[in-house]
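J.: Sharing a structure below in structure tokens format, with a few things to ask.
The values are calculated or read from the model by the stated rules, or taken from the named source; none is laboratory data. Everything numeric here is computed off the predicted structure, so don't read it as measured data. FYI the Cβ positions are ideal-geometry reconstructions off the backbone, even for glycines, and counts take in every protein chain you see. Remember, those area values only see protein heavy atoms, side chains included, never the ligands or the DNA or RNA. Shrake-Rupley method; radii C 1.70, N 1.55, O 1.52, S 1.80 Å.
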Amino acid sequence: MAILRGLFFDRRVLRRFLVLFLPVAVTAGAVFGAFHYQDIKGEHQAISLRETAGVDLARRSVSRDFDAVVSDLRVLAGRTDVRALAGSPHDAAGAARVAGAKRLYDQVRYLDERGREVVRVDYNSGHPRVVPARQLQDKSARYYFRDARSLPAGGVYVSRFDLNVERGRVEQPPKPVIRFATPVTDLQGRKRGVLVLNYLGRRLIDNLRRALDSTPGIPMLLDEGGYWLYAPDGDLTWGFMQDHGRRFSDLYPGAWRQISEQDSGQITNRLGMFSFATIYPLWEVAAFLDGDPPATVRGPQGRTANTQFWKIVSHVERDALGLPSYRRAETGLVIYLMLIGLWSVASGQIARLRARDERSRELIDRLSSVVEQTSDIVYITDPDGTIEYVNPSFERLTGYSRDQAVGRSAAILSAGEQDAEYYRNMWKTIRAGQSFQDVLINHTRSGEVYYEQKTITPLRDTRGVIRHFVSTGKDITEQMVAQERLYHLAFHNPLTNLPNRNLFRDRLARAAVHANRTGRMVALMLLDLDEFKAVNDSLGHEAGDRLLEQVSERLRNCVRETDTVAHVGGDEFALILEDIEHGEQAVRVAEEIHRRFTEGFRVEGSEVFIGIAVGIVLYPLDETGTDSLIRAADTAMYHAKALGRNRYAFYSEDMTRKVSERLRMETDLRHALERAQFAVHYQPVVSLTTGRIDAVEALLRWHHPERGLLDPGQFIPVLEDSGLILQSTAWLLREVCSHAAALRAAGHR
């Protein structure tokens, strides 16, 4: 008590306390607070970046699935055999062929104009099954039939998440579906029915989980009412089927109020961090169907495109946010309070021993040593930004000694990567008395660029006037470089350093959007190397890799800087030519590629000559969707390969038909031997001098069960390309030898 009385009632002690201790305490508190805040900010920022990236990846995954489903729906509804089915609704076999084998759907149905099922293809067993006619139902009362039936041709109806109900009962286990439906017209253009795809909602949820696997958050999917469409707790999933009070919006009302008012972002409250993004199903479909005029898109009855939406949410609980930082802060606070206590005791003793000045300097030295020994970069400036103090970590990182830095502006560190507007906002923030936190790109005295995670804190005097700014920072260059490298590896082929399939598809989609906006065209070219496998087999895979590197370099030299050259896998490459006016520009690029490929490649001391097949498709002349463009270019490329070495070909419907016919013929040929459809025809070889038959030529013939006896020119090339020529030749030799043996046994010579 005597010490406290001496400290607070002795005017001289109190004056020294105010003069010496308070500035040091404020400085130390600001420094420790800045360190702690910057530490918390770093951990929060790392979690925030992972959460934001994961939620955005999940949103894009859902968007891509929607594009694929609507593309399939429109392609099926526009096909000739579906339109023929609309005019002849009892052709169940034709309907089964139309449905195909789309594994991402639960069911594909065709309803006639009265709502009766004409055909239903079920994929529950893992493969397509045409449901017998006796099991077909009347769907005329179903909302998706009524709403889709009223749409104009080309319109699309998109339902909400729903649980599949058959004969009045929910399928067990619950199977969530989203129904996509569109009117089908007959060959005369009259609406005659509705095509319905039951898209598996479980696939959308699995994609959501995979996208958020690498994040610490808990993934959720909500609808516009705040009901769970997916939650890790099975009792909460399909919350829209539960009683009131099980909704996300009831459990987290404050978070839901902010999430429902924004399309995307992050919020942090006492419950933790919520990262979210919004999917508007009807807007996604409307954007995909954008045309002139645009197709009609309709959602669930009683709702509009402005109200139906889903929220992708990832929740990181409060306990997982910055726990280590808070523990360090608690330790620092205890140490700080202990220092205050020690200083108070020391000040009382100094008052009695008249050695208070020496003790005060000792305390200041102790606090200064903390700043001097920290690995963080610390410097203090005056209100104009002139450096007054730097710690040793500043000197080590920047290369500026204390004498070189003190008295100069802090702008000597700027690398010029952030613009003037950025620095104006920074100064506006700190001069308003607020702390500023961000990642700054600075450079050292030698010019080397580094990334600094910086916090700038204003220091005020007793009158509230800002006298100093304390800048603390961490060097995060290694983390930023590693992050940029990981991003590069995720979207580039490691061998050729060209964009990979993911980045290629993204650039193709962007190019299509740009073409729609500017009214120009995009050329997509898929390229496949001829005889590349022979190089791998003869010279080894190392030689194959060197060849791919040289091929990528030649392809870069054939296009403009604004065009894209991608290595999409194996020996396949792709080119995206943007802002072109006509197809001749793509032809010139293809011819330039072929010209350059006439020159040999030097691989492992050998000169190698290879050809290249090029398939070309033009957007928007040929196809519209990204997947459709790639399929069309792939078809054109295989057509070019069929034409011979070093060829290019444009996509056309006739080309698709020929490729389909060839695939069907190859399938039939694979069964021809086992079904005894091959036959041997003998053609005599007559001597022109003697007129005698000197020999016979054995010829392979095929009796096709539907097309009859086929000319060899129709099926021999397919046998050769598919590798079946070896089996058929072996069969022919056995038959000929058997016939020859039989003739010899009968006495013929």
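J.: Of the conditions (1) without any contact (Cβ under 8 Å) to a residue 40 or more places away in the chain; (2) open to solvent by 50 Å² or more (accessible area, probe 1.4 Å); (3) more than 17 Å from ALA509 (Cα to Cα); (4) assigned to a helix (DSSP H, G or I), ARG631 fails just one. Which one is it?
T.: Only one criterion is unmet by ARG631, namely (3).
J.: Within the group THR477, THR455, THR472, THR444, which residue is on the phi < 0 side of the Ramachandran plot, of a type outside the set (A, V, I, L, M, F, W, C) and open to solvent by 20 Å² or more (accessible area, probe 1.4 Å)? If you could, list the steps in order and put the result at the bottom.
T.: Values: THR455 fails: open to solvent by 20 Å² or more (accessible area, probe 1.4 Å); THR472 fails: open to solvent by 20 Å² or more (accessible area, probe 1.4 Å); THR444 fails: open to solvent by 20 Å² or more (accessible area, probe 1.4 Å).
Step by step, each of THR477, THR455, THR472, THR444 is checked, and only THR477 is on the phi < 0 side of the Ramachandran plot, of a type outside the set (A, V, I, L, M, F, W, C) and open to solvent by 20 Å² or more (accessible area, probe 1.4 Å).
J.: For segment 605-625, which positions are open to solvent by less than 50 Å² (accessible area, probe 1.4 Å) and among the aliphatic types (A, V, I, L, M)?
T.: Result: VAL608, ILE610, ILE612, ALA613, VAL614, ILE616, VAL617, LEU618.
J.: Could you tell me whether PHE145 is modelled with pLDDT of 85 or more and not in a strand (DSSP E or B)?
T.: Yes.
J.: Let me ask you something else. Can you spot a residue in segment 476-488 that is in contact (Cβ under 8 Å) with a residue 40 or more places away in the chain and either among the basic types (Lys, Arg) or closer than 30 Å to THR624 by Cβ (or both)?
T.: Among the residues of segment 476-488, not one is in contact (Cβ under 8 Å) with a residue 40 or more places away in the chain and either among the basic types (Lys, Arg) or closer than 30 Å to THR624 by Cβ (or both), which makes the answer no.
J.: A follow-up question, please. Give me the pairs, please: first residue somewhere in segment 410-430 and touching a residue at least 40 places away in the same chain (Cβ under 8 Å), second residue anywhere and among the hydroxyl-bearing types (Ser, Thr, Tyr), beta-carbon distance under 9 Å, and either six or more positions apart or on two chains.
T.: Listed by first residue and then by second, the contacts come to ALA410/TYR379; ALA410/THR381; ALA410/THR386; ALA410/SER471.
J.: Taking SER652 as meeting all but one of (1) open to solvent by 40 Å² or more (accessible area, probe 1.4 Å); (2) at pLDDT 85 or above, write down the number of the exception.
T.: (2)
J.: Here's something else I'd like to know. Confirm whether GLY433 is more than 17 Å from LYS41 (Cα to Cα) and modelled with pLDDT of 85 or more.
T.: Yes: the conditions hold for GLY433.
J.: Can you give me the ranges of the helices (runs of 4 or more DSSP H) entirely in segment 319-422 with at least 3 residues that are of a type in the set (A, V, I, L, M), modelled with pLDDT under 65 and out of contact with any strand residue (DSSP E or B) (no Cβ under 6 Å at 6 or more places or on another chain)?
T.: Result: 323-353, 356-373.
J.: Consider HIS681 carefully, then state whether it is farther than 30 Å from LEU527 by Cβ, in contact with a strand residue (DSSP E or B) (Cβ under 6 Å, 6 or more places away or on another chain) and in contact (Cβ under 8 Å) with a residue 12 or more places away in the chain.
T.: For HIS681, the condition - farther than 30 Å from LEU527 by Cβ, in contact with a strand residue (DSSP E or B) (Cβ under 6 Å, 6 or more places away or on another chain) and in contact (Cβ under 8 Å) with a residue 12 or more places away in the chain - is met.
J.: Considering only segment 106-131, how many residues are open to solvent by 40 Å² or more (accessible area, probe 1.4 Å), part of a loop (DSSP other than H, G, I, E, B) and either in contact with a helix residue (DSSP H, G or I) (Cβ under 9 Å, 6 or more places away or on another chain) or not basic (Lys, Arg) (or both)?
T.: 5
J.: Pull up segment 547-558, narrow it to residues that are in contact with a strand residue (DSSP E or B) (Cβ under 6 Å, 6 or more places away or on another chain) and of a type outside the set (S, T, N, Q), then point me to the one that is modelled with the lowest pLDDT.
T.: For segment 547-558, the residue satisfying everything is LEU547.
J.: Out of all the residues in segment 707-721, which are open to solvent by less than 40 Å² (accessible area, probe 1.4 Å), over 14 Å from GLU661 (Cβ atoms) and part of a helix (DSSP H, G or I)?
T.: If the condition is that a residue be open to solvent by less than 40 Å² (accessible area, probe 1.4 Å), over 14 Å from GLU661 (Cβ atoms) and part of a helix (DSSP H, G or I), then PRO712, LEU719 are the ones that fit.
J.: To continue, here is another question. Within the set of pairs 6 or more residues apart or between chains, which connect a residue that is not in a helix (DSSP H, G or I) inside segment 251-265 to a residue that is not aliphatic (A, V, I, L, M) with Cβ atoms less than 6 Å apart?
T.: Between residues of segment 251-265 that are not in a helix (DSSP H, G or I) and residues that are not aliphatic (A, V, I, L, M), the close pairs are ASP263/THR278.
J.: At least 1 residues that are without any contact (Cβ under 8 Å) to a residue 24 or more places away in the chain, open to solvent by 50 Å² or more (accessible area, probe 1.4 Å) and closer than 21 Å to GLY615 by Cα in each: list the strands (runs of 3 or more DSSP E) lying fully within segment 504-604 that qualify.
T.: Result: empty, no element qualifies.
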